[in-house]
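For reference, the structure is listed below as structure tokens.
The values are calculated or read from the model by the stated rules, or taken from the named source; none is laboratory data. Since this is a predicted model, take the numbers as computed values, not measurements. Reconstructed Cβ throughout: ideal geometry from the backbone, glycine too, with neighbour counts over all protein chains shown. Protein only, heavy atoms only, side chains kept; ligands, DNA and RNA dropped before computing areas. Shrake-Rupley method; radii C 1.70, N 1.55, O 1.52, S 1.80 Å.
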There are 2 protein chains.
Amino acid sequence: MPPITVAHGDGIGPEIMDASLRIIQESGAALEIETIEIGEKVYLRGNTAGIDPSSWESLRRTKVFYKAPITTPQGGGFKSLNVTARKRLGLYANIRPCVAYAPYVDTKHPGMDVVVVRENEEDLYAGIEYQLSSDVMECLKLISRPGTEKIVRFAFEYAKQNGRKKVTCFTKDNIMKMTDGLFHKIYDEISAEYPDIEKEHWIVDIGAAKLADTPTAFDVIVMPNLYGDVLSDVAAQIAGSVGLAGSANVGITASMFEAIHGSAPRRAGQNLANPSGLLLGGVMMLVHIGQWEAAERIHNAWLRTLEDGVHTYDIFEPGVSREKVGTKEFASAVIARMGQKPEKLKAVSYAGFASPRREWVPNPARQFEKIEIVGVDLYMGSGAFGSKGRNPQEFGDALNRISHEGIELRMVDNRGTIVWPGGMAETFVTDSYRCRFQPVASAASQTVTHAQISALYQKVTAAGYDIVKTETLRTFDGQQGFTLAQGQ
Amino acid sequence: MPPITVAHGDGIGPEIMDASLRIIQESGAALEIETIEIGEKVYLRGNTAGIDPSSWESLRRTKVFYKAPITTPQGGGFKSLNVTARKRLGLYANIRPCVAYAPYVDTKHPGMDVVVVRENEEDLYAGIEYQLSSDVMECLKLISRPGTEKIVRFAFEYAKQNGRKKVTCFTKDNIMKMTDGLFHKIYDEISAEYPDIEKEHWIVDIGAAKLADTPTAFDVIVMPNLYGDVLSDVAAQIAGSVGLAGSANVGITASMFEAIHGSAPRRAGQNLANPSGLLLGGVMMLVHIGQWEAAERIHNAWLRTLEDGVHTYDIFEPGVSREKVGTKEFASAVIARMGQKPEKLKAVSYAGFASPRREWVPNPARQFEKIEIVGVDLYMGSGAFGSKGRNPQEFGDALNRISHEGIELRMVDNRGTIVWPGGMAETFVTDSYRCRFQPVASAASQTVTHAQISALYQKVTAAGYDIVKTETLRTFDGQQGFTLAQGQ
């Protein structure tokens, strides 16, 4: 029997986990359960991670985590357990099916059946932030080739296994041509390996509008982390109820399954909560570990229960629902229907599903033959600049007098807009400037060495300028690896 | 008569601009119109900006731009005229009212009346991107104190003048504690100056879900650039039709008014297009320049026209609409109703509106007494690292042997997750590493000088490592101006 690690969580967590496990046990699933304690109690014992080292050991052993919602105490530097688990276990894919169950559950979008596949490790969620000056904060958005390959391939493999017809990609590559451009490019590359699956790309703003208005136009959607975070919440909500959605976080060696909703402490202990989200997370877990028969029995019995109008308070609606039940009674109703299929809603079939292949090898990265440094951006903050006034023209002129071995100041910009040479008076400036140095046009070599950069650094800082950060300007086999400023 | 600059644009642009100007002229508005040519024809003459220098002169003179949609030719390095205009004219605020007109225009959200106020200059749209390695792309997200103050104050001033009750703020500050944290903090500061306006903050994912599902719960929403871009499209779409929404881009000295839809070349020249979006942009312009009586007459006549069922093809619906009309006839129908008010829809009132105050002075930035450098992050790419293997443990150990004047390697991470010392095997790595150097615990001074950084840079690069970028670690009056890595 495959071992799994189970955490009962906080708030309504224990009730809905008990209900879900009762149903899973009645389904014929074969599981050996290791129980760990996570969440509020662990946090309040002074463990800011919310999870004990012995629990990590269980997770590293079983590699499958079935997790009820937890409560993170306010303040006091408690870290999000979800973020920690995703990062430490390498759970790169977040899968969230968003399905409407009209007419049994109220929705404005009957027929909606969208799966959002969200990249889970990169983008703005790497948590890398710096204060550049008194006025300006920076966060790094990172998009990598292997990270993107993993998530895009996962989305297509998921579509293939689940008989899905289309995988859509959302990016903002008309603005972020390098980061989102890479995501889009890799989507194009990998989609070509799946000729039977329809593909399409939307700019995320228009795509989001279409999704919110006509979600039935979509099937599987793969997105970078931030867009996926926001739009999977939108999709789950407009499908009908966040109380009905489960979610999987999948990595190469480990995976985690949960409901998408929180621990709802005010509903706790009253036998009120709807266990459906966590139960469907459990169904995804059973499919994931290859126990497709149990998964199918549970999912179909659950659909039949919805259809029969046996509803918890959150989705109860007079005239549609027939019986308002508590958490335990709902679980019993699902168990009583084990082996049955829905009559009106579409039954699911996981027949023959193997545990999806996860140990794929990324395409070898393109080995660039020649990576050359062709300049360096020096970012200056409010420190030394304060004493030199805030006039960009004077600042640029003064800095321009510091040249070094044929490297010259090419331009100064403020948040991407050129202010030297020849800025416009209307341009609003902050106290953080970027100063781009490149070889003079007449220089014998148009490349720059690390020795030159370090000498330039020394010279500029010795003149009293405060360098906050540097970025080298590079070409990769002749292709420019940096953007130009607006107006450059 | 105040001068304005008008561009008739491409595709359906000329038709809807003619219709809008006819209505505006009949409203009693006093305007002196300077016409400029922008868009496709200018691009195809070889001007990659899509606008001639003489047109810039007109814009700098009139400071008010009434702009029909244009067509940007595909390929060929043509730059978005909207982005250029926003940046060069400092149009920091994008205002987009999203209103439902049920039952006259079909919508799932009757009663919706949301104004999205989007920051327009900063965030990820500064266009600053770098390739860090063969595998990894970076985009900088920048949020500034004055940039945020301007947009938040604008949102509250807008709410006050328009009799709005609530200004909501969306950020993701549970993850981006410094950038989005600053936006949220400034929202809190400025909202305190407006005790009569209700305030609330939502994490953007849940907020977006609520907005898509129950937009009637919102009034004015102020957001950083990216969230505003995506969610203003969502709001406009679910209100009923993107064909009905106008938008203002406002700066301290200049402003631009337009429809939110594009130039729809396939509909051009057929007297089919709905001029409503551009007309409502014109109403916002008239309010902005203080001609509130004309604005009110147009807006109410337009509402009455909708209500009377005089509809263009795009919103025509049998049983609801009474008469299907073309662009010109629609304009005539609005003109015929000048002076009338809607009977069922809510009439607008701009009585006594003054041109909103725009020349406010940002709060003086907090002057930090002590900005100290306490370390430096060196980012390494695939260059030199390739020859040293891809094992993070060996890499960290080797780099750790290079110490300098009491500065030591503290940690190495990959996309924010620690890999040295003591990483976990499950952590997936790319070819871009961050190496954090800080003074040894026993050092007399816990601060670092630029001379030390430049010497360290020299030493590390001389040892064959390829430094791609650097970020100094700073404290601002003792407060940490950088984030820790996951697991640090």
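From the set of residues in the stretch A:25-40 that are in contact (Cβ under 8 Å) with a residue 12 or more places away in the chain and out of contact with any strand residue (DSSP E or B) (no Cβ under 9 Å at 6 or more places or on another chain), which is most open to solvent (accessible area, probe 1.4 Å)?
The extreme case among them is A:Glu26.
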Item checked: Tally, over the stretch B:1-24, of residues that are aliphatic (A, V, I, L, M), touching a strand residue (DSSP E or B) at 6+ places or on another chain (Cβ under 6 Å) and either farther than 25 Å from B:Ala301 by Cα or open to solvent by less than 10 Å² (accessible area, probe 1.4 Å) (or both) -> 3
Margin query: Exactly one of these conditions fails for A:Leu378: (1) under 32 Å from the mean Cα position of the chain (by Cα); (2) at pLDDT below 85; (3) open to solvent by less than 80 Å² (accessible area, probe 1.4 Å). Give me its number.
Written below: (2)
Margin query: Would you confirm, using the coordinates I've provided, whether A:Gly243 is in a helix (DSSP H, G or I), under 23 Å from A:Val6 (Cβ atoms) and in contact (Cβ under 8 Å) with a residue 60 or more places away in the chain?
Written below: yes
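Does A:Ile143 qualify as being within 26 Å of A:Phe476 (Cβ to Cβ) and within 7 Å of chain B (Cβ to nearest Cβ)?
yes
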Note to self: Out of everything in the stretch B:168-185 that is in contact (Cβ under 8 Å) with a residue 24 or more places away in the chain and in contact with a His (Cβ under 9 Å, 6 or more places away or on another chain), what residue ends up being surrounded by the most Cβ atoms within 10 Å (Cβ to Cβ)?
What the structure shows: B:Phe170
Check: How many residues does the stretch B:237-265 hold that are within 9 Å of chain A (Cβ to nearest Cβ) and under 21 Å from A:Ile203 (Cβ atoms)?
Finding: 3
Note to self: open to solvent by 10 Å² or more (accessible area, probe 1.4 Å) and more than 14 Å from chain A (Cβ to nearest Cβ): is that true of B:Asp188 in this structure?
What the structure shows: yes
Check: Taking interchain pairs and intrachain pairs at least six residues apart, which have beta carbon atoms under 8 angstrom, with the first residue in the stretch B:459-488 and at the interface with chain A (Cβ under 7 Å from one of its Cβ atoms) and touching a residue at least 60 places away in the same chain (Cβ under 8 Å) and the second among the aromatic types (Phe, Trp, Tyr) and part of a loop (DSSP other than H, G, I, E, B)?
Finding: B:Phe476/B:Phe368
Check: Only one of (1) within 24 Å of B:Leu279 (Cα to Cα); (2) in contact with a helix residue (DSSP H, G or I) (Cβ under 7 Å, 6 or more places away or on another chain) is not met by B:Trp56, so which one is it?
Finding: (2)
Next item on the list: For the stretch A:224-236, indicate whether the set of residues that are more than 10 Å from chain B (Cβ to nearest Cβ) and β-branched (Val, Ile, Thr) is non-empty.
Entry: no
Notebook entry, point to check: Being part of a loop (DSSP other than H, G, I, E, B), out of contact with any Gly (no Cβ under 8 Å at 6 or more places or on another chain) and acidic (Asp, Glu), is that true of even one residue in the stretch A:1-18?
Noted result: no
Note to self: open to solvent by 50 Å² or more (accessible area, probe 1.4 Å) and under 20 Å from B:Ala217 (Cα atoms): is that true of B:Lys165 in this structure?
What the structure shows: yes
Notebook entry, point to check: When residues of the stretch A:146-179 are filtered for being more than 8 Å from chain B (Cβ to nearest Cβ) and either in a helix (DSSP H, G or I) or over 23 Å from A:Trp202 (Cβ atoms) (or both), how many remain?
Noted result: 13
Check: For the stretch B:203-218, does any single residue satisfy the condition of being within 11 Å of chain A (Cβ to nearest Cβ), surrounded by fewer than 24 Cβ atoms within 10 Å (Cβ to Cβ) and not in a helix (DSSP H, G or I)?
Finding: yes
